[in-house]
Amino acid sequence: MPRPHGGKLVNRVFKEKDRKNAANVAAKLEKVEVSKALATDTENIAKGVFSPLQGFINQEELENVLNYKRLSNDLAWTIPIVLDVSEEKAKALKEGNDLALYFQNEPLALMHLEEKYKFNKEEFAEKTYGTLDMAHPGVTKTKNMGNILLAGKIDLINELKGPYDRYKLSPMETRFLFKEKGWRTIVGFQTRNPPHLGHEYVQKTALTFVDGVFINPVIGRKKKGDFKDEVILKAYDVLIENYYLKDRAVMSILPFEMRYAGPREAIFHAIVRKNFGCTHFIIGRDHAGVGNYYGPYEAQELFEEFPDLGIPPIFFKSFFYCKKCGGVTNEKACPHSEKEHIIFSGTKIRATFSKGEMPPKGLMRPEVSQVIAKYSNPFVE
Amino acid sequence: MKEKQKKFTTVSIPTALFKKVEERIKGTGFTSVSGYVTYVLREIVAEEEKTEEPFTQEDEERVKTRLRALGYID
């Protein structure tokens, strides 16, 4: 199993016996109420999902990440993990002091405020997302951020509770699980959609060469029109139950707000899966993309800059259904013309369900279609 | 104000090797010998770091209990 990114799995979660005391300490400190997305980032830092980060990054690290896609110690890191507050709030906070992060009025974490600093939103957005177009969700989000960033190590007091906690495993847990299963090689699969046959074939093709597949759907705020989290999880449950060997597939969720940063986010997703214990990571078409901001295989190209990532990517081009072959195949294996191909288009699949219909079984397993069809509206509004 | 860390530094390699590398990277995605040397060194350094991290007994017990409760292990 690979070592976590940076060599050591971060664990900054207060032990059960110390939580009450930590909550009492938090109650006496200056409070910063954080959004769901920031609370999720905080938990991910504490549980080692974002190893080697031990807290929100400082100005020097931010400059490194934006300009070099690396931390100051030369480790690959492509997405800035930052905590923003308003200028007014920042005035009440003093560098060198501890503060308390709160989420929905409950103590979330203690933070040692190492630095507070202004940042250039335009530079942040342009370098992270490759665009300044306000139609890009990441650019809009950056524009709406507070003007000051807080940096410093955090220690988690209370874990976040959610409706899908039975699917939530920490990197320490997945690493242990993979070891228990006797897996030495594990391929990670990132998803934010219910599985169609193209996804299944990508996973199973990769699985042929490794010991197990780790299906890791991203759970959190998504775009309007995306499938709801519950739909994705139920669809995967039924797929795994009916079409996967129990000892070869594990699914757990990744609570995380998608940035839609395309190539940069693809590298980041790979790092996260390395922390979960994966040895390989699947990168398909337009990974973590949105609209037409990134080329379909731009994410794959960016991996060339990171020979030291420690988790080799497995690149796939699109799979499709070929009427002549009578099954799912890809451009390397199918000699027939494009007229014979049915493309696995997420947009078309969504449109089919919107009309109250189900996709043909050559595109989606009937069991999966039935799960989705049970929802009057399976989409985020 | 904290002094910022220098982002790059210089190492010396034999001129003959430099010229060989310069020839080798022609027509590749590498635009400089420095870029190529950085790439190769990063690859080697990463290779040396691949070892497993052990679990403590306490971690193992806690994790095992949760995984069993969730049905991930028997």
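Read-outs throughout are calculated quantities, based only on the coordinates presented, and are distinct from any laboratory measurement. Everything numeric here is computed off the predicted structure, so don't read it as measured data. Note: ideal-geometry Cβ built from the backbone for every residue, glycine included; neighbour counts use all protein chains shown.
Amide H of residue A:379: which non-local residues (sequence gap of 5 or more, or other chain) have their own amide H closer than 5 Å, using H built in the peptide plane?
A:228
Using modelled amide H (1.01 Å from N, peptide plane; none on Pro or chain starts), what sits under 5 Å from the amide H of residue A:30, excluding residues fewer than 5 places away?
A:100
Arrange the following residues from fewest to most other Cβ atoms within 10 Å of their Cβ: A:172, A:364.
A:172, A:364
Pick from A:299, A:39, A:135: which residue has the top mean-square fluctuation in a GNM of chain A where Cα pairs under 10 Å get a spring?
A:135
Among A:366, A:80, A:255, which one moves the most in a GNM of chain A with springs linking Cα atoms closer than 10 Å?
A:366
Which one of A:315, A:67, A:2 has its Cα pushed farthest toward the positive end of the charge dipole of the protein assembly as shown, where Lys and Arg give +1 and Asp and Glu give -1 at the Cβ?
Farthest along the dipole direction, towards plus: A:315.
When chain A is modelled as a GNM with alpha-carbon springs shorter than 10 Å, which of A:333, A:100, A:288 fluctuates the most?
Looking only at A:333, A:100, A:288, the largest GNM fluctuation is found for A:333.
What pairs from A:127/B:26; A:224/A:374; A:69/A:153; A:36/A:89; A:20/A:168 go past 25 Å between their alpha carbons?
A:127/B:26
Tell me, what ³J(HN,Hα) does each residue in the range A:32-46 have, in order and in whole Hz, if you take phi through Karplus 6.51 cos²θ - 1.76 cosθ + 1.60 with θ = phi - 60° and put x for Gly and Pro?
Result, rounded to whole Hz: 10, 7, 10, 6, 4, 5, 6, 5, 5, 4, 4, 5, 5, 4, 4.
Run lengths n ≥ 4 of DSSP H only: what is the helix-derived mean residue ellipticity at 222 nm for chain A, with -39500 (n - 2.57) per run over all residues, to the nearest 500?
Rounded to the nearest 500, the figure is -9500 deg cm²/dmol.
Would you mind classifying the range A:1-97 by shape? Square roots of the alpha carbon gyration tensor eigenvalues, ordered a ≥ b ≥ c; an a/c under 1.5 is rounded, otherwise it is prolate if a/b is larger than b/c and oblate if not.
oblate
Taking one equal scatterer on every alpha-carbon of the range A:16-156, how large is log10 of I(q)/I(0) by Debye at q = 0.21 1/Å?
-1.37
When a/c is below 1.5 the answer is rounded, else prolate if a/b is larger than b/c, else oblate, so apply that to the range A:161-218 with a ≥ b ≥ c taken from the square roots of the Cα gyration tensor eigenvalues.
Here the range A:161-218 falls in the oblate category.
Order of B:17, B:70 from fewest to most other C-beta atoms within 10 Å?
Neighbour counts put them in this order, fewest first: B:17, B:70.
For the range A:298-313, in order, what is each residue's ³J(HN,Hα) by Karplus, 6.51 cos²θ - 1.76 cosθ + 1.60 with θ = phi - 60°, in whole Hz (x at glycine and Pro)?
Computed from phi, the couplings for the range A:298-313 are 5, 5, 5, 5, 5, 4, 4, 7, 10, x, 9, 5, x, 8, x, x Hz.
Which ordering of A:237, A:308 is given by a fewest-first count of other beta-carbon atoms within 10 Å?
A:237, A:308
Considering only DSSP states other than H, G, I, E and B, which trypsin sites (Lys or Arg not before Pro) in the range A:334-381 qualify as loop sites with at most 14 other Cβ atoms within 10 Å?
Filter output for the range A:334-381: A:355, A:361, A:374.
Do any trypsin sites (Lys or Arg not before Pro) in the range A:1-51 lie in a loop, going by DSSP, with at most 10 other beta-carbon atoms within 10 Å of their beta carbon, and if so which?
For trypsin sites (Lys or Arg not before Pro) across the range A:1-51 that sit outside H, G, I, E and B with at most 10 neighbouring Cβ atoms in 10 Å, the list reads A:15, A:28.
Taking each residue in A:95-103, count the Cβ atoms of any other chain within 10 Å of its Cβ, then average. What number comes out?
Average per residue, whole number: 0.
Quick one: dipole size for chain A, taken about the Cα centre, charges +1 on Lys/Arg Cβ and -1 on Asp/Glu Cβ, in debye to the nearest 20.
Roughly 1060 debye, rounded to the nearest 20.
Among rounded, prolate and oblate, which fits the range A:270-309 when a ≥ b ≥ c are the square roots of the eigenvalues of its C-alpha gyration tensor, a/c under 1.5 means rounded, and a/b larger than b/c means prolate?
It is prolate, given that a/c is not under 1.5 and a/b is the larger ratio.
List, in order, the whole-Hz ³J(HN,Hα) value for each residue of the range A:141-153 obtained from phi through the Karplus relation with A = 6.51, B = -1.76, C = 1.60 and θ = phi - 60°; use x for Gly and Pro.
Whole-Hz 3J(HN,Hα) from phi for the range A:141-153: 4, 4, 4, 8, 6, x, 7, 10, 9, 10, 10, x, 5.
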